[in-house]
1. When you scan region A:153-164, do you find a residue that is over 22 Å from residue A:63 (Cβ atoms), without any contact (Cβ under 8 Å) to a residue 60 or more places away in the chain, assigned to a helix (DSSP H, G or I) and in the same structural domain as residue A:61 (by TED's automatic domain parsing), even just one?
2. Would you check if there is a residue in region B:50-69 being under 28 Å from residue B:117 (Cβ atoms), part of a helix (DSSP H, G or I) and in contact with a helix residue (DSSP H, G or I) (Cβ under 7 Å, 6 or more places away or on another chain)?
3. Taking region B:124-176 as the region of interest, how many residues are of a type in the set (Phe, Trp, Tyr) and over 15 Å from residue B:30 (Cβ atoms)?
4. Can you find even one residue in region A:103-117 that is touching a Leu at 6+ places or on another chain (Cβ under 6 Å) and either of a type in the set (Lys, Arg) or at pLDDT 95 or above (or both)?
5. Out of A:142, A:137, which single residue is of a type outside the set (Val, Ile, Thr), buried (at least 20 other Cβ atoms within 10 Å of the Cβ) and either assigned by TED's automatic domain parsing to the domain that holds residue A:63 or over 15 Å from the mean Cα position of the chain (by Cα) (or both)?
6. Of the conditions (1) in a loop (DSSP other than H, G, I, E, B); (2) touching a helix residue (DSSP H, G or I) at 6+ places or on another chain (Cβ under 8 Å); (3) not small (Gly, Ala, Ser), residue A:178 fails just one. Which one is it?
7. Do any helices (runs of 4 or more DSSP H) entirely within region B:166-225 hold 1 or more residues that are in contact with a Lys or Arg (Cβ under 6 Å, 6 or more places away or on another chain) and of a type in the set (Lys, Arg), and if so, which?
8. Please count how many residues of region A:57-76 are touching a strand residue (DSSP E or B) at 6+ places or on another chain (Cβ under 6 Å) and more than 13 Å from chain B (Cβ to nearest Cβ).
Amino acid sequence: MNTIKVEKLVKTYGKVQALDGLDLHVEPGSVFGFLGPNGAGKTTTMRILTGLARPTSGQAWVAGVDLATDGRDLARRIGYLPEEPAFYGWMTPIEFLDHLGRLYGLQVKIRSARVKELLDLVKLGDSGKRRIAGFSRGMRQRLGIAAALVNQPEVLFLDEPASALDPAGRKEVLDLIEGLRGQCTVLMSTHILADVERVCDVIGIMARGKLIVQAPRQELLDQVATPVFEVEAEDVNGLQTWAVVGRSLPWVASIEFNGHIGRVVVNDMALAKRELLPNLLQAGLVLNRYEELKPSLEDVFLRLVGGEGLQ
Amino acid sequence: MNFWVVFRKEMLEQWRTYKVLIVGALLFMFGLSSPLLAKFTPEMLAAVPGLPAGLSDFIPTPTVADAMTQYIKNMSQFGILLALLMSMGSVAQEKERGTAAMILTRPVSRGTFILAKFAALKVTFVVSLLLASLGCWYYTWLLFEALPWGPFLLMNALMLVNFMVYVALTLLCSTLARSQSAAGGLAFGGLILLAGLGAFPRLAEYLPGRLFEWGAAMALGMDTTAWPALWTSLGLIAVCLLAAGLIFRRQEL
């Protein structure tokens, strides 16, 4: 059973079609990375799935709740961090989280323990009694994450959770998200591909209101993996001489040069892994570097989305 | 039960952002100064240098009725203005800043969200009117004569109904508008419309403005009523709140 199930979701704003028959399935306990260029429909999808917007047509279920029927039940099961979390500036973080705890009907003791636990989790324990109005963007983002976790949600929606943070803050937030794996289902949209690569186990890429691909991270990387080795030798002439012989090998597709670096494209990865290095060493080459190139998520993204670019 | 949670937050906000204090202090000041103005304006006029001889004899001696007229004049102007100013950002500002989206993804209905705001504003105006009436009563007693408490408080209750019409109307405008200033503009338009309709005597019988006249008459012991205006006012409050709730439920945040 899927924690998030979206079928043929359409959303139009006047003449603009934000979602064009979106289908999406997210399994329980997974950290789902939502990627897409600007205007692809990621935030619209999140707003619909959190009950802030209504679809023009199509159906969606979150944690077993049909979005067309019960908004209150949905609210008890989800947590949501908008791209720019907003707070009552006159409140302190303790007061704000306490207010949310009251909305979920948490008892006094449980509420105060939960507030303390969350503030410690997002490293705002020392700022618990300061007014939120004076918080930096990073502090607000961390408070937003704490706010999204007050009710220990079954499904957590995170819209660009780490984009406003400095590298240390980003690492903390990503560690936090990683720690939630298995405890709740996370749907996270971001434009930072490295973050997705690091924490997400399933990746969905959206473009023009549709999900163009959805697959486990490694499977997605393997799909677009080009079997390439890079070789850097001390003696560039020796490497070029070897290339004349190398091109005739049955498992070599092509060899290109860029200065001291040779790029060997192969058509049989398994055979190449066994044969290429011995072959180079037999030719008497002294190697500075020998590397099987792994595709990055950026390669996958650019290949699938093309020139639309990142958000 | 989430109504009380949201109401608690609204009251806390009114306190922390000094809204209760501002409305309370202003209405208290207007309440206090009304009998003072009624009493001393004629004396000040009479003391103007160069006034033609004998003219001061034509300046009438102030009475308790003048104090009430001044009180109602002040309240009808500044009370309504404060009702608009205090309510225009209630919903629009929360939509604009994103706090509405932050709260309404929790177990809070949009109707509760609106009603809690209305209730908190009502408490603010009840407290402020009580302060204003205390100030007005005390100085009226000091400068003129003691007013009977019952009718005087009933007059203030009618004023409160009038203010709440404008609070509810402004909350509706705040729900409809995307920004605080647009909400204020719409509410001011509603105020002008109601004032314009008041120019037609037959219609005026049914409008909230008539409550002030009824209240003044009541406080001065006159036998006048304006029940149609009261029913229309209560109906307007209910319709505005219902409309605000229904519209807000359909809005996307």
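The values are calculated or read from the model by the stated rules, or taken from the named source; none is laboratory data. Keep in mind it's a predicted model, so treat the numbers as computed, not measured. Glycine gets a Cβ as well: all are built from the backbone with ideal geometry, and neighbour counts include every protein chain shown.
1. The answer is no; no qualifying residue exists.
2. no
3. Qualifying residue count, region B:124-176: 5.
4. Yes, region A:103-117 contains at least one residue that is touching a Leu at 6+ places or on another chain (Cβ under 6 Å) and either of a type in the set (Lys, Arg) or at pLDDT 95 or above (or both).
5. Of the residues listed, the single one that is of a type outside the set (Val, Ile, Thr), buried (at least 20 other Cβ atoms within 10 Å of the Cβ) and either assigned by TED's automatic domain parsing to the domain that holds residue A:63 or over 15 Å from the mean Cα position of the chain (by Cα) (or both) is A:142.
6. (1)
7. Because the criterion is at least 1 residues that are in contact with a Lys or Arg (Cβ under 6 Å, 6 or more places away or on another chain) and of a type in the set (Lys, Arg), no helices (runs of 4 or more DSSP H) in region B:166-225 meet it.
8. So the answer is 6.
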